[in-house]
Amino acid sequence: MRLVSPLLKHAVYPALHRSGCLDRITPTGGCSVVNYHGVIPANYSSDDIFLDGNLVRPDIFRQQLQFLKSHYHIVHPDHFRAWVEQDKPEHDKREQGKQLPPRSVLITCDDGLVNTLTDMLPILQSEGVPCLFLVTAASCSDNPGMLWYEELYQLMRAKPLGPDQQLPPDETEPSPSSPSFQAQWWSTVRKASRLDAKTRTAWMNKVRDHCGNTRALRSEKRWRLLNIAELKQLAGAGMSIGAHTLTHPVLSLCSEEEARREIQESKINMEHALGTPVWAFAYPFGNPSTMGDRELRLAREAGYACAFLNVEQWGSDRSNPFTIPRTHVTSDTTLPEFAAHLSGLHARLQRAVGA
Ligand SMILES: [Zn+2]
């Protein structure tokens, strides 16, 4: 949802939204999927929109849910699963042929930040809306900490990395041409994703020693991941849980062995911790620069029923259950923009201009 021209965002989509035109479009693909990353917790004030822009305000989240309730058919994750699995030969015959109503939408939320339990769940419950939460296997532990790449952002912002923390340059990836702070950080995230998980953890400890410990962050609800007790509370409240790797690396930069482990063991660990099948997977970052055909194959081989992207388009095969597009909602997403993306109009316009 980032590449929206100001003309579309501020003129075209509001006009189409007001006129009701967007309500008359039936999205193709059978079911729209919307993706969140949590809500801004109460009493949290942002001083850097770069990462916080992935969360939405609670009042905006409620407004979007109410829009979906009145303009779409919100599907339960279990029904979505039955729908994607209907062509599997071994699937229960009673479920075969199951169709979703027109203008169906599934609500998902990635990463498993603790605010999904404290601030997002109460809104979902009061609106009577189910959600599929795709979380990392860090949430199967008692002390999950933060997402490492978000912590790295905070650490690098507190103090630039020194020579001892720099990772070796990678010839296959040119250094960022305009090294803004965000570009330097992302380049470091990509290099660190090439490390196996154990080596990356050791390297993060060195970075913490150098930059200062940011674990005592201003807002635990903003940054910390759900622990296992909290994840069980979310599941116990009727929400569905899927997997999002073990450690959230850029999968395409991992060795095949590491990528397989990230995808497969997160499923196994979560099934063990929750005692229920984990059938859905979301690729970390979920865009063409962070994953490719190898990751689709590994997700299929791991036994998931489907896997979600974090973009609205992927190739030409729109029926592949391992490349399910999603509308990524950010803090600056307006309601008309939300409606235009969900209707499929935005993706169609992008395809038309070859974007
Ligand atoms: Zn994620």
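The values are calculated or read from the model by the stated rules, or taken from the named source; none is laboratory data. Since the structure is predicted, the reported quantities are computational estimates derived from the model, not experimental observations. As a convention, Cβ positions derive from the backbone with ideal geometry for all residues, glycine included, and neighbour counts pool all protein chains shown. Heads up: the accessible areas ignore ligands, DNA and RNA and are worked out on the full protein's heavy atoms, side chains in. Shrake-Rupley method; radii C 1.70, N 1.55, O 1.52, S 1.80 Å.
Can V207 be described as over 22 Å from the mean Cα position of the chain (by Cα), assigned to a helix (DSSP H, G or I) and either β-branched (V, I, T) or surrounded by 11 or more Cβ atoms within 10 Å (Cβ to Cβ) (or both)?
yes
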### Message
Every residue in region 20-52 that is modelled with pLDDT of 90 or more and among the polar types (S, T, N, Q), please.
### Response
S32, N35
#### Entry: Residues of region 34-59 satisfying the condition of being of a type outside the set (G, A, S) and within 17 Å of T108 (Cβ to Cβ)
V34, N35, Y36, H37, V39, N54, L55, V56
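Residue-wise test of (1) open to solvent by less than 20 Å² (accessible area, probe 1.4 Å); (2) of a type in the set (V, I, T); (3) modelled with pLDDT of 90 or more.
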site: V135; (1), (2), (3): yes, yes, yes
site: K159; (1), (2), (3): no, no, yes
site: T172; (1), (2), (3): no, yes, no
site: T188; (1), (2), (3): yes, yes, yes
site: S193; (1), (2), (3): yes, no, yes
site: R215; (1), (2), (3): no, no, no
site: L225; (1), (2), (3): yes, no, yes
### Task
Quick one: T28 ticks every box in (1) over 30 Å from F181 (Cα atoms); (2) part of a helix (DSSP H, G or I) except a single one, so which number is it?
(2)
### Query
Quick one: would you say T276 is within 16 Å of the ligand (Cβ to nearest atom) and either surrounded by fewer than 24 Cβ atoms within 10 Å (Cβ to Cβ) or assigned to a loop (DSSP other than H, G, I, E, B) (or both)?
no
### Message
If I filter region 344-352 for residues that are open to solvent by less than 10 Å² (accessible area, probe 1.4 Å) and in contact with a Gly (Cβ under 8 Å, 6 or more places away or on another chain), do I get at least one hit?
### Response
no
### Counted residues, region 37-82 - those being polar (S, T, N, Q) and within 16 Å of the ligand (Cβ to nearest atom)
1
### Query
What residue, of L147, L246, L234, is within 30 Å of R81 (Cβ to Cβ), open to solvent by less than 30 Å² (accessible area, probe 1.4 Å), in contact (Cβ under 8 Å) with a residue 40 or more places away in the chain and in contact with a Ser or Thr (Cβ under 6 Å, 6 or more places away or on another chain)?
L246
### Task
Could you grab the pairs with beta carbons closer than 9 Å, sequence gap of 6+ or different chains, first residue in region 301-316 and under 17 Å from T108 (Cα atoms) and open to solvent by 20 Å² or more (accessible area, probe 1.4 Å), second one β-branched (V, I, T) and part of a strand (DSSP E or B)?
E312/T327
### Task
Collect the residues in region 34-73 that are open to solvent by 70 Å² or more (accessible area, probe 1.4 Å) and of a type in the set (A, V, I, L, M, F, W, C), keeping them in residue-number order.
I49, F50
### Message
Of all residues being under 24 Å from L22 (Cα atoms) and among the hydroxyl-bearing types (S, T, Y) in region 297-353, which is nearest to the ligand (Cβ to nearest atom)? Just the residue, please.
### Response
T330
### Query
If G286 passes every condition in (1) open to solvent by 30 Å² or more (accessible area, probe 1.4 Å); (2) within 15 Å of the ligand (Cβ to nearest atom) but one, which one does it miss?
(1)
